[in-house]
Each structure stands twice: as C-alpha cells, then as structure tokens.
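Asks: A single structure is presented below for examination.
The values are calculated or read from the model by the stated rules, or taken from the named source; none is laboratory data. Note that the coordinates shown come from a computational prediction; the quantities given were computed from them, not determined experimentally. For neighbour counting, all protein chains shown are included, and Cβ atoms are generated from backbone atoms with ideal geometry for every residue, glycine included.
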Amino acid sequence: MIEVKNISKSFGNQLIVNNISTTFEEGKTNLIIGQSGSGKTVLMKCCIGLYDVDSGEVDFHGRRFSNISDKRRKHIRQEMGVLFQGGALFDSLTVEDNIMFPLNMFTEMGIKEKKERVNFVLENVNLTGSNNKYPAELSGGMVKRVAIARAISLMPKYLFADEPNSGLDPKTAERIDELLSSLTKKFNMTTVINTHDMNSVLQIGEKICFINHGKLCWEGDKETILKTDKKELNDFVFATELTRRIKR
Amino acid sequence: MNILYQIGEYVVMVLQAFKRPDKGFVFRRQLLYDFKRLGVDSISIISIISLFTGAIIAIQMAYNIDSPFIPKSTIGFSTRQMLVLEISPTIISLILAGKVGSRIASEIGTMRITEQIDALRVMGVNPPNFLVLPKIVAAMLYFPVLIVYSIFLGILGGWIMGIITGLIPSADYIIGIQSWFDPFTLTYAMIKTVVFAFIITSVSAYKGYTVKGGSVEVGQASTEAIVVSSILIIFSDLILTQLLLT
C-alpha cells in the first residue's frame, strides 16, 4: 500500500499539487485521472521521487520515501517499476538488454538466470522472440509492452504507469490496460496509473482518484464514477458525445 | 548570476559522476562502448585532417624558408615542432570538440527529453556516474593515443608532400624531424590533450544533461557544447602553455 499524506508541490509561485491525501491499495489498479494540466503527472513524479515535495509525505508500506536522500531511497526504488509515457527505452540497447538492465544493476543473477527472467517477462507481455530487436524497430504498442516488461523484470511491489495508452489505437490501448490489470493481479502489485482515457477508467479502475486544478476532487471506483453528481467530475467524464449518449 | 548557477550545476554533475560505479562490469562495458564511439570512430577524420595539415605546414615552411643560409632540414624540424606543440593537441582537440562534443550533448540531451534519464533515476541508478564517467575516462585515455597518431600522420604528410613536390629533399626532412627533440614537448602535448578531453566530455555532457524542452533545445545544447568547449580549450591552452613552457 502507498500512502500519500497532504502533499503539495509548486513550481515558482504556481501551486500544481495542492494538499493531496490518498492511499493506493495493494493488488489493485489505482487510477489517477484528470484533465491535461490538472497535476496528475506531477503527483506521480512526487510519488516516485523524481520531484521533491514542498510539504507532506509519501510512504510505501509505512516506509517514508519523500524528501530523503537518494541513498536511502534506493532500496524502495528497487521494489518499484515505472512505465513512462514514451516508454523511455534505452535506444542503444536491444529489447533483451533493456529488460536485463535493472537485473544487471541490482541483482547477482547469472547470465542464464537473467535470460530466463527476460524470456519470462517477455512472455507475460506477449512479445516472445523479440529479444534482439532495437526500440527503433518496434511499433508504439510494442515499445509500451517492452517498457512494461522492463518495469516488472525485478518483480516489483509497486508499478507506476504514466499515460500507458496515450498515442495508441483503441484496440492496442485496451490490450495494454488488460495487460496492466492482469499483471497487477498475477504479481499482487500496487499499481498506480495516470490516465485521462475514459475507456481505461471504465475497464480497469478499481480505485479512481480525480484530480482537478491540483486538488483531489473525488475518489471512487468504476462502478460509482458514472453515478456521481460531482459537477467537475461529470464535466470530465461526460466530455465527449459518446459518453453523453451512454449516460442517456 | 545565471553563469554562477550553471558553474555550480556543472560541478555538482561532475562530482556525482566521479563516484564509484555500482557495478564494475557495467562500467567496463560502457567504457568499451565509449572507446569505440568517441575514439575509434574518430580515427578517419583525424587521419585525413592530420595528413593534410602536415603536408600544408611543410609546403608553407618550404615557401617561407628560401634563404640558402637556412638548411632545408629546418622545414622538417619546424613541421614537427608545430605539430607536437600546437596543431595536433589543440587543433585536433577543437575538431574533436565538434565531432565528439556534439555527439555527447545530443545523445544525453535526447535521453533527457525522452525520459530515459528519469528512468535511470527511478531505477536507483546515478545517471551522471552511469552516462558521463565512462565518456570522460574513455576520452582521457584515448585522446592522447589519437594525438600521437595525429602527430605521426602529420609528419608523414609533410614528408610525402616534400617528395611529391620536390620542394623538400627526403633526407633533409628526416634529419629535420630528428633534430633537437625535447621529450618534454611531447609530455606537454599529452598534458594538454588530457585536459582538453576532460573539458570536451564534461562540458558537452553537462549541456546535454541539463536540456529542457524538445528537439530544438537539444540542437541548441549541442551547438553550445561545441562553442563553450572550444572557448575553454583555447583559454586553458593559454594557461597551460604559460605554466608549462615558461
């Protein structure tokens, strides 16, 4: 479980994350939703330690993570997998070397064991046999799946994904959502996903936090999100003609 | 104020880079990779420039030394001295600042804007140590080899040109390049090269590491890396020459 306690973050005099408190539960896909520029990515980057928070704290199973030295963070970071928006694969490395990278850095596994782990995670993301390809040779959906494979290669307790299906066609986006959800269950991870895609929300949102102008505006799940009378959330959820038709 | 901030940021990055690598074999692999990309891949351009520069210097010397009282061997001697003292260590380093510096700045800059450096950080890897240190070490070890090679080719270029044009008798040229050789001039050239290698790699890495924005800013960082490295090379050349040769 990840606990976010009263965190705030500003850049200059602009307050981006305003006193947010919530919990992300174990074995569930926790979604952070909100419009572009609402503060979702900054909130996630505060959670994974890429930004230091101005106030408040983030705890991973009771272990403080925010505003401590990189050396002390290192242990928790090794239990964390992060999927960046563009995949962030290392261009000069093959798929196999990309996935092996965290294993090389943080484990004492032998080469045979590492290759077995690479093949295991590639199988889990349905990319068996892609070991020797370079990121430039992959499609957008494949890049995301390799990035997921790299993120889970150390069998993390916590998985963060920043807009995992942005820039993908609806079918591939759905596959990525299903994949993240099934991996969460399979490895009992605490998964936190940033998204503004309503399909993802309705498909895999076991816990949903709606952020509006840097504030936590609403919390619930995929069942309750369509029944709320919160105006800001309804404006976001029913922003398209399709969702308005569903509501009618 | 901005320049002080940048100097501070640069020093912090260099200090972070000079930490003991987490995994020795990963560092060695990166080092070998950078030996190839920064050193071996520069051999062709160094060869062409050195060969032609040596040839040009020899012709210019022959053109200027037309007095019968000055022996022809002076041409070989002057060509060697110019190559050892200035042309190879400084001019070739300026060329490397363009070739290697822009490569480092654009590579690290692209990694920054595509979140690859963030990915390293969240994995608990020290990015300057992983990305910058192997480049600095590779350049500081390999550039002296390139400069010795450049001196050799430059002298060879002068000799070939002397034979082709008939301006410099081969025997005189060979006597010239062997005359009054002070081994300290080579030490001086190597010291300069190592300092320039550090400047080129660390400044270019800093420019790439601190990129904010997109592809336009990466291009800008790459250009700034070359400009700043070149200015610092010339400036440090003056200081080192004053310190070592006077």
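Asks: Taking only pairs six or more apart or across chains, which ones have beta-carbon atoms under 7 Å, a first residue in segment A:185-207 that is surrounded by fewer than 17 Cβ atoms within 10 Å (Cβ to Cβ), and a second residue that is of a type in the set (Val, Ile, Thr) and in a helix (DSSP H, G or I)?
Replies: Correct list of pairs: A:Phe187/A:Ile152.
Asks: Restricting the search to segment B:225-246, which residues are at pLDDT below 95 and either closer than 24 Å to B:Gly109 by Cβ or not in a helix (DSSP H, G or I) (or both)?
Replies: B:Thr246
Asks: Restricting attention to segment B:205-212, does a residue exist that is basic (Lys, Arg) and outside any helix (DSSP H, G or I)? Let's see the steps before the verdict.
Replies: Restricting attention to segment B:205-212, the residues satisfying the condition of being basic (Lys, Arg) are B:207, B:212.
Subsequent filtering for residues that are outside any helix (DSSP H, G or I) retains B:212.
Yes; the residues of segment B:205-212 include at least one that is basic (Lys, Arg) and outside any helix (DSSP H, G or I).
Asks: Going through segment A:91-119 one residue at a time, which ones are closer than 27 Å to A:Ile193 by Cα, more than 8 Å from every other protein chain (Cβ to nearest Cβ) and either at pLDDT 90 or above or touching a strand residue (DSSP E or B) at 6+ places or on another chain (Cβ under 6 Å) (or both)?
Replies: To start, the set of residues in segment A:91-119 that are closer than 27 Å to A:Ile193 by Cα comprises A:91, A:93-107, A:117-119.
So of that shortlist, the ones also more than 8 Å from every other protein chain (Cβ to nearest Cβ) come out as A:93-100, A:103, A:107, A:117-119.
Across segment A:91-119, the qualifying residues are A:Leu93, A:Thr94, A:Val95, A:Glu96, A:Asp97, A:Asn98, A:Ile99, A:Met100, A:Leu103, A:Arg117, A:Val118, A:Asn119.
Asks: Write out, first by first residue and then by second, each pair whose Cβ atoms fall under 6 Å of each other, whose residues are 6+ apart or on separate chains, and whose first residue, in segment A:32-61, is within 14 Å of chain B (Cβ to nearest Cβ) while the second is assigned to a loop (DSSP other than H, G, I, E, B) and buried (at least 18 other Cβ atoms within 10 Å of the Cβ).
Replies: From residues that are within 14 Å of chain B (Cβ to nearest Cβ), the pairs are A:Lys45/A:Tyr51; A:Cys46/A:Val53; A:Val58/A:Phe65; A:Val58/A:Ser66.
Asks: Somewhere in segment B:10-27, is a residue closer than 30 Å to B:Gly124 by Cβ and under 18 Å from the mean Cα position of the chain (by Cα)?
Replies: Going through segment B:10-27, the residues closer than 30 Å to B:Gly124 by Cβ turn out to be B:10-27.
With under 18 Å from the mean Cα position of the chain (by Cα) added as a condition, the list becomes none.
For segment B:10-27, residues closer than 30 Å to B:Gly124 by Cβ and under 18 Å from the mean Cα position of the chain (by Cα): absent.
Asks: Which residues, counting only those in segment A:2-31, are touching a residue at least 60 places away in the same chain (Cβ under 8 Å), surrounded by fewer than 16 Cβ atoms within 10 Å (Cβ to Cβ) and part of a loop (DSSP other than H, G, I, E, B)?
Replies: Listed by number, the residues that qualify are A:Glu25, A:Gly27.
Asks: Could you please find all residues in segment A:183-228 being part of a helix (DSSP H, G or I) and in contact with a strand residue (DSSP E or B) (Cβ under 8 Å, 6 or more places away or on another chain)? Lay out the reasoning, then the answer.
Replies: So the first thing to find is which residues in segment A:183-228 are part of a helix (DSSP H, G or I), and the list is A:183-187, A:198-204.
Of everything in segment A:183-228, those that are part of a helix (DSSP H, G or I) and in contact with a strand residue (DSSP E or B) (Cβ under 8 Å, 6 or more places away or on another chain) turn out to be A:Leu183, A:Thr184, A:Ser200, A:Val201, A:Ile204.
Asks: Go through segment B:18-28 and report how many residues are in a helix (DSSP H, G or I) and either away from chain A (no Cβ under 14 Å) or surrounded by fewer than 14 Cβ atoms within 10 Å (Cβ to Cβ) (or both).
Replies: At the first step, the residues of segment B:18-28 found to be in a helix (DSSP H, G or I) are B:24-28.
Then keep just the ones that are either away from chain A (no Cβ under 14 Å) or surrounded by fewer than 14 Cβ atoms within 10 Å (Cβ to Cβ) (or both); that gives B:24-25, B:28.
So the answer is 3.
Asks: Still on this structure: Can you tell me which of B:Leu15, B:Leu38, B:Leu51 is more than 14 Å from every other protein chain (Cβ to nearest Cβ) and either closer than 21 Å to B:Ser93 by Cα or not acidic (Asp, Glu) (or both)?
Replies: Details: B:Leu15 fails: more than 14 Å from every other protein chain (Cβ to nearest Cβ); B:Leu38 fails: more than 14 Å from every other protein chain (Cβ to nearest Cβ).
When all the criteria are applied, what remains is B:Leu51.
Asks: Please state which one of A:Asp169, A:Asp221 is in the same structural domain as A:Thr41 (by TED's automatic domain parsing), surrounded by fewer than 18 Cβ atoms within 10 Å (Cβ to Cβ), at pLDDT below 85 and out of contact with any helix residue (DSSP H, G or I) (no Cβ under 7 Å at 6 or more places or on another chain).
Replies: Details: A:Asp221 fails: at pLDDT below 85.
Matching residue, one of A:Asp169, A:Asp221: A:Asp169.
Asks: Got at least one residue in segment B:113-129 being in a loop (DSSP other than H, G, I, E, B), within 14 Å of chain A (Cβ to nearest Cβ) and of a type in the set (Asp, Glu)? Steps first, answer last, please.
Replies: Within segment B:113-129, the subset in a loop (DSSP other than H, G, I, E, B) is B:114-115, B:123-126.
Going one step further and asking which of them are within 14 Å of chain A (Cβ to nearest Cβ), we end up with B:114-115, B:123-126.
From the residues that got through so far, the ones that are of a type in the set (Asp, Glu) too are B:115.
Yes: segment B:113-129 contains one or more residues that are in a loop (DSSP other than H, G, I, E, B), within 14 Å of chain A (Cβ to nearest Cβ) and of a type in the set (Asp, Glu).
Asks: Say we look at segment A:72-90 and pick out the residues that are within 7 Å of another protein chain (Cβ to nearest Cβ) and under 17 Å from A:Leu183 (Cβ atoms); which of these is surrounded by the most Cβ atoms within 10 Å (Cβ to Cβ)?
Replies: It comes out as A:Val82.
Asks: Could you check segment B:1-30 and list, in sequence order, the residues that are free of Cβ contacts under 8 Å to residues at least 12 places away in the same chain and hydrophobic (A, V, I, L, M, F, W, C)?
Replies: B:Met1, B:Ile3, B:Leu4, B:Ile7, B:Val11, B:Val12, B:Leu15, B:Phe25, listed by residue number.
Asks: Tell me, yes or no, whether segment B:93-100 has at least one residue that is over 20 Å from B:Thr223 (Cα atoms), surrounded by 21 or more Cβ atoms within 10 Å (Cβ to Cβ) and touching a helix residue (DSSP H, G or I) at 6+ places or on another chain (Cβ under 6 Å). Show your work before the answer.
Replies: Step one: filter segment B:93-100 for residues over 20 Å from B:Thr223 (Cα atoms), giving none.
The answer is no, given that none of the residues of segment B:93-100 is over 20 Å from B:Thr223 (Cα atoms), surrounded by 21 or more Cβ atoms within 10 Å (Cβ to Cβ) and touching a helix residue (DSSP H, G or I) at 6+ places or on another chain (Cβ under 6 Å).
Asks: In the set A:Gly129, A:Gly86, A:Gly141, which member is among the small types (Gly, Ala, Ser), assigned to a helix (DSSP H, G or I) and at pLDDT below 90? Please lay out each step first, then the result.
Replies: Numbers: A:Gly129 fails: assigned to a helix (DSSP H, G or I); A:Gly86 fails: assigned to a helix (DSSP H, G or I).
Matching residue, one of A:Gly129, A:Gly86, A:Gly141: A:Gly141.
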